[in-house]
Structure formats: C-alpha cells, structure tokens
Amino acid sequence: MRLSILFLPALTMGLVLAGCDRQNAAAPQGDVANAAAPVAGNETAEDYPTGVLDRSHAGTRAPDEAFAGPDGQPVRLADFRGHPLLVNMWATWCGPCVIELPSLDALAGQTHPNGLKVIAVSQDTGGHDQVTGFLASHNVRNLAAYQDNQMQAMTSLHLDTLPTTILYDAEGREVWRMTGRAEWDSERVANLLREADAR
C-alpha cells in the first residue's frame, strides 16, 4: 500500500503529460522558454480541439487541499466561497493551456454581476517565480499566479488532462468541468457560466 502511494505523484504526472500537448511532453517543466517555444511559433487554437463539458461531478464539494496563492502563502478553494468560482488547472508547458490564457485572462478582468471570480492554478513543479515570470512574459494582467506544485488538488479532483476548468457555485459545489481548451470569451461559455446562479 505504501509503495503505491509513493508512485501516485509520478503516475499523475504521466497521465497529465499524456493528456496535454503530446508534442511538448518531453520538455522539462523547468525550461519555460523551450516548453513555450512551439506555442509561440506554429501552434494555434485550431491545433487543439475545444473542451468537452462534463457534468458528472455536479454537486461535489471543492477539495480542501492548500496551494500557493499569488504571495506564496497557502490558500484553499474554500477561501473563495460566497461567490461563484471558475478554477482553471494549467501549466506553462501545456500548449492548449497557453493558447486559452488570453481569453481566460480577459474573462478574469471583467466585472461579473454575480461576483464570479476566475483563478488559474499552475501545476508546474518548479519555483513560484517561474509561474509569475511566465504570466508576465505573456502579458497576462488579470490572472494572479496561483500554483499547486504538488498537484494535490488535481489528484483530489481525479484530473488527468490539462487544461481542465471547473465552475463552482457560491457554496463551493461543482457545477461542471471543461476538459480541454475553451474560448472563454464565447457566447457558449457565457451561457454556461450563468449556471452557477441557478443553484
């Protein structure tokens, strides 16, 4: 039993790499410049399918694992209760994650009538400055640098693909999750986000 627990992080990382940007899977996480180069060069949104909506976890409470906030201090999803919350799990080395960042950043910069908060939680295993530097170099202005370098929340959520984005209602219950890239400024997403109010 103890041996299986020790191998769980390695298995999780393997599944993530297999699900996200297979062309970049061999790039080491610490090498942001090399991992991001193909995205900045030839890859576009058309290279990745749009996300798949999953409602099978609806009503499930957000996990309680702590991750690093923008200031490096521990934060939990429960800290955001009282407002709907859109949580994007991403990584600097994940092509579709990087491609959707501009529209996700624009969504985070909007004022939402229901008080919706948007956060992006990096799954990079390097230092926190890697994530902050990456966001700055990509002109991301509205998304702060949250990081779960142990991927504890991702493991608790049984995620094996990046990006995955989860909408929670104001009580911290899951409404839906989107596996894969999304166009966060689309009418489809605007309609989906309103579902957090219907609970």
For this session: Enumerate the whole-percent occupancy of each 5 Å bin, from 0 to the last occupied one, for all C-alpha pair distances of the range 63-199.
Result: 2, 11, 22, 26, 23, 13, 4, 0
Problem set entry | Two-site label geometry, residue 52 and residue 76: point separation in nm, points 7 Å out along Cα→Cβ | 3.2 nm
Problem set entry | Rough spin-label spacing in nm, given labels placed 7 Å along Cα→Cβ, for residue 64 and residue 195 | 2.7 nm
Exercise. Given 0.36 nm per residue, what is the gain on full extension from residue 185 to residue 158 after removing their alpha carbon distance, in nm?
Worked result: 7.0 nm
Seminar exercise, completed: Here the net charge surrounding residue 85, from other residues whose Cβ is less than 11 Å away from its Cβ (Lys, Arg +1; Asp, Glu -1), is -1
Problem set entry | Span per principal axis, largest first, for the Cα atoms of the range 74-117 (Å) | 33, 25, 12
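Every number here is computed from the coordinates shown, using simple stated rules; none is lab data. Everything numeric in this text was worked out from a predicted model, so none of it was measured. Cβ coordinates were reconstructed from backbone atoms using ideal geometry, including for glycine residues, and neighbour counts include every protein chain displayed.
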